[in-house]
Amino acid sequence: MTINKFRFRIVSAIVGLGAGLAVLGVCGGAGTASAVNCQATDGQQLQKVVVKSGCGAKAGKGSTATAHESGGRGTAVAVADNGGQATADNRQPGSIALAGAFNGGRAHSITVGPNALTLAQATEGQNALAIGGANSQARIGPNGADCYGMLAVAVEMNKAKGCVKLGPAEFVQ
């Protein structure tokens, strides 16, 4: 029996990151004072700006785009078309979460640290996930993945391909 070590590492990193996010949520680490939400479905488009927070969502026919900005000073933008589902979730100040999904793809972009940049692009049934920690960048798309900084995850979940950067350690497949 062969175990896909990279897939195990990705799943372990995501589970560990999820546990950290749960602790962050319980401790009140992410501010919600000026949270803004934008959700668009089936041909809708919506933009909102509240104080220093902004979101934008645009969905084509048969698509869903959701953008949530709760960092108090950041941006979340999601665009989906032709059956795509895009979710951009910015949780920290000074960060930007961008998600684009097309032709049945699913893209999830999440920032969990200040001054992070995440970009997830998915097309034709792909399931892309980008997570960025403090001062980090994560990008996943049709042309591959990039992870920079101390905490970054960029993975195409169906193929378990991408990168994980945790401190000085980096895993790439």
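Our coupling estimate for segment 137-143, obtained by passing each phi through the Karplus curve with A = 6.51, B = -1.76, C = 1.60 and θ = phi - 60°, is 9, 9, 9, 9, x, x, 9 Hz, Gly and Pro reported as x. Under 5 Å between amide hydrogens, built in the peptide plane, is the criterion, and for Gly149 it picks out Gln137 among residues at least 5 positions away or on other chains. Available extension along the chain between Asn143 and Val172 is 9.0 nm, counting 0.36 nm per residue and deducting the alpha carbon span.
In order along segment 36-43, the Karplus-derived 3J(HN,Hα) couplings, from 6.51 cos²θ - 1.76 cosθ + 1.60 at θ = phi - 60°, round to 10, 10, 10, 9, 10, 9, 6, x Hz, and Gly and Pro are given as x. Applying the Karplus relation 6.51 cos²θ - 1.76 cosθ + 1.60 with θ = phi - 60° to segment 94-108 yields 3J(HN,Hα) values of x, 10, 9, 10, 10, 9, x, 9, 9, 6, x, x, 10, 10, 10 Hz, where x marks Gly and Pro.
For Ala160 and Asn82, calculate 0.36 nm times their separation in residues minus their Cα-Cα distance, and state this gained length in nm to one decimal.
Values: separation 78, 0.36 × 78 = 28.08 nm, distance 2.41 nm.
Length gained between Ala160 and Asn82: 25.7 nm.
The separation of segment 132-168 from segment 31-92, counted between C-alpha centres, amounts to 21 Å. A protection proxy built from the mean count of other Cβ atoms within 10 Å ranks the segments 45-57, 123-135, most packed first, as 123-135, 45-57.
None of the figures in this text is laboratory data; all of them are computed from the coordinates on show. Since the model is a prediction, treat every value here as computed from it, not as a measurement. Note that each Cβ is placed from the backbone with ideal geometry, even for glycine, and that neighbours are counted across all protein chains shown.
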